Structures are given as structure tokens and as C-alpha cells.
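I have placed the structure first, in the form of C-alpha cells, so that the comments after it can refer back to it.
The values are calculated or read from the model by the stated rules, or taken from the named source; none is laboratory data. Not measured: the values here are computed from a predicted model. Don't worry about glycine lacking a Cβ; one is built from the backbone with ideal geometry, like all the others, and counts go over all protein chains shown.
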């Protein structure tokens, strides 16, 4: 048993290091390309443009509303799904660092989180540009989206720690989650409104991503605060955080052998 | 007098590796012992060699001292900051320049940017890499990259330096400089632990030696004595 809070504290003390490592990671991903990190912006814009064009023709009602719905939805969903996918390898990909230094384990989760956050910030320029183009107005209630995003970040932390530990021991779970994530995109209301599913709309309520999306998207796009979703997200956050702390306490010392 | 390192009855086992589905029904693999009941003390201002055959536990013991592996039982006391020089590439980014890697290694060891900027010129001078310091490390030869990591690790002034099969690399001029720097560490009442197969190097650099055999301390003592016994054992 180790004190999980000590590892978290030691990692938090060195945030600039994780940020720097994350930035180097991203740069290395796009090394030798001419536009480098601008690829992140370009790929995201292209994806949204095509989706608005194709799926906009099915969407009922105001095309402005659908464009904002899809843009913000995809933006938040990308943040969530990247955190999960990076979490599968947050420790395994840091293998040589875990075996060569005694840096706190949680730091590598923070490094993975910082990579995703950097992408999110780059994406946000595109989102702001699109909302500006749509002449989308922001109401005071939209500030709830900030709180929603902070909640997403807290969830990203426990997800990275828990998945990182589990997937360093059992590599099959990583592949399982990858295949599930491909499906999740289509059963989360991003390319369509919930009500378009008609009498099957209730199914979406059982998808946690629906609620994680809602706490950020609804205040911006619908000018509402989804109380129901907040309750569900709150419960998952508490249960998830406790599980991650338990995993960290039990297995923190084992990860060096597993990665 | 306070000791740099105190280990008592340290036992370390590796968990069995996770296995594929084809092995699911075969007999469960057992934990394998990496270290068994290892006890020793390293006083201040001394250097210790770890010798032994492949798989005898030298690298595992170094990782225990670096606080990377945590033993199943026993007590590990390491008094002071350690710097580890294990296999090359750890704590380095091959695509970054030498200069940026110095900064990165410093930050990993807990030094501020400002402090590292001050130390950088000295590190570059010691490593003799001034001409190529702004080129990416993957263009360096192995010896050059090792010079850089050695120069950085020793410049941040650790109390205990842990070296795994390290000193053999580098040309003879650099080896002399490295030797001087290690001597300096010992004189400042710091110390180092060197794991190596090269008995000539070990004799030259270290005062004490531990002979590890299948995870157990077979012999501890004066370096000449331990190595003579080890050589007799291997030539049998």
C-alpha cells in the first residue's frame, strides 16, 4: 500500500515539467511536417465542415442551431475520447521514464492530460471562429460550461490514472475500450439531436457521454443547465475518483514491473 | 557517521508476466526472485561495485536504490539525492537538441529552468560537445550521448550516483575526466554505485564490491578480494 495522495501531491508540484513534456510529445508527433501543430487545427476544421455539410441536411429546424450543436458537441467529445484513448497508454508509453526515474506516477497521467488539453485549446480557436461566424450569442448561463469543463478535467485525471494502471497490467482491456469508443461516437448525440431518435431517445440517457457532453454543451447551445446530467456526472466522478485512488494505493508500486 | 546507503534484508520478486490466452490453462507461473535477503552499508565517501553474471540482480538492485522498484520486504535507507545513469535514452528525447535535453534532464531531477541555464555552459564544456550541442541527439554517436548524460547527471551534484554498465563508453580522454569527477564526488563525502562486468574498470574506480549471485549477496568486501574470488569462480 502506498499513500495515493502523496503521489498526486508530488506530481502536482511539478506541473511545468508535465506541460513541457506534453508539448514536446505533440511536437514530436508532427515533426518534419511543414505546418506542424497547425495540422491539429486543420484536421478538426475539416471534420466539422464536412459533418455540418452532410448531416445538416438531415437536421430539422434552424441550421445555425445544428451547426453550433455539432461544433461544440464534437469539440467536447474529442476532449473526452482523447482522454480515454490516451489513458490506455498513459503509463505504458512512459515505460522508459518509469523504469529510469523515480518521478511520481501520477505525473505521467498529467502529462497525457496536458497533451489532450493542448489539442483542446487548439481546437477551441476553431470553435470560437465558427461560433463567431454563426453570430452565436453567449448568455450569462453559458458560464456553467466552464464549471462543466473543470468537472471534465477532474474526470480526465481519474480516468487516466485508473485506465493507465489497468491497461499496464492487462493489454486486452485497451483493445476492448478502443473498439467500444468507436461505437460510442455514434450513440452519443453529436451528429443529431436527442429528440430525432423519437421513442428511442431514452436510450441515450444510459450513455454517460451524453451527460458529460450536456454539462458543457447545453449552457452554450441551449442556454440551459442540465440538472439531471450534473447529478449523474457527479455520481460517476465520485465513484471513479475513489476507484482511481484505491487502484493507486494498491498498485502504484507494481506498475514499474508491469509496463 | 551517517551512511549513504543502508540496506537490510531486502527481498524483491518480480510478478509473473501477464500471459496470452493460450497460456491460460497451463500451470501458473511463480514469482521470480530478483533479490534475496540483500544487506549492506555504503558509508559516506565510498564507492561500491556490483559484480555478477547476467541476471544476478545488479540492475534490480540499482533500481531499488533509485526508488523505482520497491522491495517486498526489508528496509532501504538512501540518504541523499540520487542520480541514475541507466541505459541510454532514458530521460532523453532523441529528437531534441543536446541543449534542450540538458534542460529536460535538469527539470526531471527537480531543478529550475534558471538554475539549469546557469549550469548548462559547464555541462557543455565538460561533455566536449560544444560544436554539436544544438543538433538533435539522434545524430550523436553512442559515446557522445553518454558523455552528455554523464556530464549532466554529475553537474547537478547528486549525493549518490548510480551507474549501470556505464563507464566503458567514451574515449580515453573523456574516461580520464570522468574518473576525476567521480573521484571528486567521493572526496566530497558523496559516493557512487557502479554495476559492471568489466572487472578492470571496477578495480580502478571502486573501493568496495558486492558479488551478486542469483539475487543473493555471495561476497562483500574490499574490491580486490571480491574480484579475485569472482574471477576464480568464473574461470572454473
Subject >> Matching residues in the stretch B:75-97 - criterion: being surrounded by fewer than 16 Cβ atoms within 10 Å (Cβ to Cβ) and at the interface with chain A (Cβ under 8 Å from one of its Cβ atoms) >> reply: B:87, B:89, B:95
Subject >> Test: residue in the stretch B:124-146 that is within 23 Å of residue B:64 (Cα to Cα), buried (at least 21 other Cβ atoms within 10 Å of the Cβ) and touching a strand residue (DSSP E or B) at 6+ places or on another chain (Cβ under 7 Å) >> reply: no
**OP:** Could you please find all residues in the stretch A:24-45 being within 14 Å of chain B (Cβ to nearest Cβ) and either farther than 29 Å from residue A:243 by Cα or without any contact (Cβ under 8 Å) to a residue 12 or more places away in the chain (or both)?
**Re:** A:24, A:26, A:27, A:28, A:29, A:30, A:31, A:32, A:33, A:36
Original post:
So residue B:61 clears everything in (1) under 12 Å from residue B:149 (Cα atoms); (2) under 16 Å from the mean Cα position of the chain (by Cα) except one condition, right? Which one?
Top reply: (1)
**OP:** For residue A:2, work out the one condition from (1) more than 14 Å from chain B (Cβ to nearest Cβ); (2) at pLDDT below 90 it doesn't fulfil.
**Re:** (1)
Original post:
When you go through B:114, B:100 one by one, which is the residue that is facing chain A (nearest Cβ under 10 Å) and more than 19 Å from the chain's Cα centre (by Cα)?
Top reply: B:100
**OP:** Kindly indicate whether residue A:106 is within 14 Å of chain B (Cβ to nearest Cβ) and within 16 Å of residue A:165 (Cβ to Cβ).
**Re:** no
Original post:
Is it the case that the stretch A:228-249 has a residue that's outside any helix (DSSP H, G or I) and modelled with pLDDT of 95 or more?
Top reply: no
Subject >> Enumeration of residues in the stretch B:174-211 that are closer than 20 Å to residue B:144 by Cα and exposed (fewer than 14 other Cβ atoms within 10 Å of the Cβ) >> reply: B:176, B:180
**OP:** Filter the stretch A:174-200 down to residues that are on the phi < 0 side of the Ramachandran plot and without any contact (Cβ under 8 Å) to a residue 60 or more places away in the chain, then give me how many there are.
**Re:** 13
Subject >> Residue check, residue B:226 under 26 Å from residue B:43 (Cβ atoms) and modelled with pLDDT under 90 >> reply: no
Subject >> Residues located in the stretch B:59-74, provided they are more than 11 Å from chain A (Cβ to nearest Cβ) and more than 22 Å from residue B:185 (Cα to Cα) >> reply: B:73, B:74
Subject >> Those helices (runs of 4 or more DSSP H) lying entirely in the stretch A:1-96 with at least 2 residues more than 23 Å from the chain's Cα centre (by Cα) >> reply: A:4-12, A:38-55, A:63-87
Subject >> Single unsatisfied condition, residue A:12 versus (1) within 12 Å of chain B (Cβ to nearest Cβ); (2) touching a residue at least 24 places away in the same chain (Cβ under 8 Å) >> reply: (1)
Subject >> Cβ pairs under 8 Å, 6+ apart, first in the stretch A:144-165 and closer than 17 Å to residue A:209 by Cβ, second not in a helix (DSSP H, G or I) >> reply: A:160/A:90; A:163/A:88; A:163/A:90
